[in-house]
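Right, one structure below, let's go through it.
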Ligand code: ADP
């Protein structure tokens, strides 16, 4: 077969990332090996999982391992695995591009970081450049791979010097899986030699000790020659060699299932390394939970909460973080059945010895044992969060609060527990998060409801005209800026017996507008309503406003303005809901308009003023004007008149 070699340019984002890797001097280059070993271990997980249904793809080679082969003379280091391997298309997809969701966000962050000093390993680690980190130590990488189940001549050879292009061509490979050969850069004076077996042993001990599969290396050893094979003289004295040099495969990692060990015995350092391998994260975790449950539901769990949110937290194709084991044997990755969506940031391992080994994903969902473990795990994780010291919890909340709050909506049983964990900025606490408990505790004696307002920006919320009267009465208002809050509130109608109440919807039940005054404004409001018929469903006297002249409100069951905005941003077409225009009868502008109206209701300026009142209400809540040009023209005219007078 004529091998056809193709050369491709890396996608721009890969080039940018490669540049960054090659040019940033990491203090910790050696972690490239952990990244490659973690990939190899994932690939073996995958083939093992697939073989549960299609045993043939193992091709009678079920002895999983990762092999490291240093060559000091050629200056290469080779890492091979008998995992799932890749097809041509998969290599193109995985190694030629960064198929990862969040790449755009990452690059945006880089752009913002601008100065290279800000490109800390933590930042890069948060993204996880994985495979590409090998270019820190290699000037050329050759990857040969064959997908499990594909014929030997359908293997692929990929190579690159990391300078912008890569070559890819068909090749042959007997064993399934992937072989990665690094042609090492010249080691600097103080840099370790990655072909030195003692360097390799140390790195693997340190960073990859808990990988479940054996990481092996051929090691030359001297062994004694059996006595009957030794050539001896007449006196029985050996005249030939008594020792022989042999090459033996040695396993370099302990493979201890860290989660089955007694809690007290595992050090922080060990946890950190295990977590980094498991989560493909370069930062240590924020906290952990190590559980051993006995009784009817028996299981071990070791879960971690990361310190930083991954960039794909809100992408639909993100992975969940729980691996399922049965008696230390890997069953599956990404086990959604064991953890609800709103805890998807949790990474870890669950080992359930009584699990039926022939489980499929469909069956798992209904498995009683799995359901028990899930309930228990959720409870323990929520307890762990509730007991966290305040400053650590704030750190957690900044990263994952928005995800956790999804549970208020989705998990009926845990709703109140999660609501107690939620934190909000409020009109009393613009910079520091507070809990609902605190808000309830400082409610005014005559206050019956917990007030809130939703929107995308704290600053415009806190200055919203809807809050004027509430502020005057010293009622605290929650400023909700996470999109998820809108959904959470549909499920959470009260907390500690106190109902939630939107500051921008329905009657606020504050000081009622004066009835006689209302009567006086009736005719004017009718006129304004007539002018704005297409936009508002009602014009009424406001009980919310103190300083501003106008605002828009909704009825209790109307969709909030923010919800409407969110739905539109998500490409939906929410039904048009007309809102209520509320006017402040105590405002001097209203007195003047009323006088003008009573004097000459055909005055052409009145129409303009109706439009202006509406536009002012839209702007006050951070909304977009339908016709900004008309607004500026009108304001210009009004100013001219005011100054001339
Ligand atoms: P990550 O591992 O964080 O997804 P990488 O850049 O390290 O990112 O790898 C990209 C993808 O390439 C992996 O998700 C996997 O699909 C594939 N891959 C990498 N190494 C291997 C391997 N040894 N065997 C099979 N597939 C691999």
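The values are calculated or read from the model by the stated rules, or taken from the named source; none is laboratory data. Everything numeric here is computed off the predicted structure, so don't read it as measured data. Because the Cβ atoms are built from the backbone with ideal geometry, glycine has one as well, and the counts that use them run over all protein chains shown.
Descriptive notes on the structure:
- Looking at the stretch 139-203, the strands (runs of 3 or more DSSP E) lying wholly inside it that each contain 3 or more residues that are under 32 Å from the mean Cα position of the chain (by Cα) and closer than 22 Å to residue 252 by Cβ sit at 177-184.
- Residue check, residue 221 more than 15 Å from the ligand (Cβ to nearest atom), over 21 Å from residue 274 (Cβ atoms), touching a residue at least 12 places away in the same chain (Cβ under 8 Å) and touching a strand residue (DSSP E or B) at 6+ places or on another chain (Cβ under 8 Å): yes
- Annotation: of all residues in the stretch 583-596 being more than 15 Å from residue 519 (Cα to Cα) and crowded, with 17+ Cβ neighbours inside 10 Å, the one that is nearest to the chain's Cα centre (by Cα) is 587.
- Matching residues, the stretch 64-77, being more than 10 Å from the ligand (Cβ to nearest atom) and surrounded by 16 or more Cβ atoms within 10 Å (Cβ to Cβ): 64, 65, 67, 68, 69, 70, 75, 76, 77
- Qualifying residues in the stretch 482-512 (those that are part of a loop (DSSP other than H, G, I, E, B), surrounded by fewer than 19 Cβ atoms within 10 Å (Cβ to Cβ) and out of contact with any helix residue (DSSP H, G or I) (no Cβ under 6 Å at 6 or more places or on another chain)) - the one modelled with the highest pLDDT: 497
- Scanning the stretch 36-76 for residues that are farther than 17 Å from residue 212 by Cβ, touching a helix residue (DSSP H, G or I) at 6+ places or on another chain (Cβ under 8 Å) and part of a helix (DSSP H, G or I) yields a single hit, 57.
- Among the residues of this structure, residue 422 counts as one that is modelled with pLDDT of 95 or more and farther than 21 Å from residue 618 by Cβ.
- Residue-level check: of (1) within 14 Å of the ligand (Cβ to nearest atom); (2) at pLDDT 65 or above, residue 103 misses just (2).
- Filter pass, residue 96 being at pLDDT below 75, under 30 Å from residue 332 (Cβ atoms) and within 16 Å of the ligand (Cβ to nearest atom): yes
- Filtered by the rule that a residue be more than 21 Å from residue 56 (Cβ to Cβ) and within 10 Å of the ligand (Cβ to nearest atom), the stretch 130-168 gives 130, 131, 132, 133, 134, 143.
- Residues satisfying the stated conditions in the stretch 361-400, i.e. touching a strand residue (DSSP E or B) at 6+ places or on another chain (Cβ under 6 Å) and not assigned by TED's automatic domain parsing to the domain that holds residue 344: 397
Here is a yes/no grid of residues against (1) in contact (Cβ under 8 Å) with a residue 60 or more places away in the chain; (2) within 11 Å of the ligand (Cβ to nearest atom); (3) within 22 Å of residue 197 (Cβ to Cβ); (4) touching a strand residue (DSSP E or B) at 6+ places or on another chain (Cβ under 9 Å):
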{"site": "28", "(1), (2), (3), (4)": "yes, no, yes, no"}
{"site": "54", "(1), (2), (3), (4)": "yes, no, no, no"}
{"site": "57", "(1), (2), (3), (4)": "yes, no, no, no"}
{"site": "62", "(1), (2), (3), (4)": "no, no, no, no"}
{"site": "80", "(1), (2), (3), (4)": "yes, yes, yes, yes"}
{"site": "91", "(1), (2), (3), (4)": "yes, yes, no, yes"}
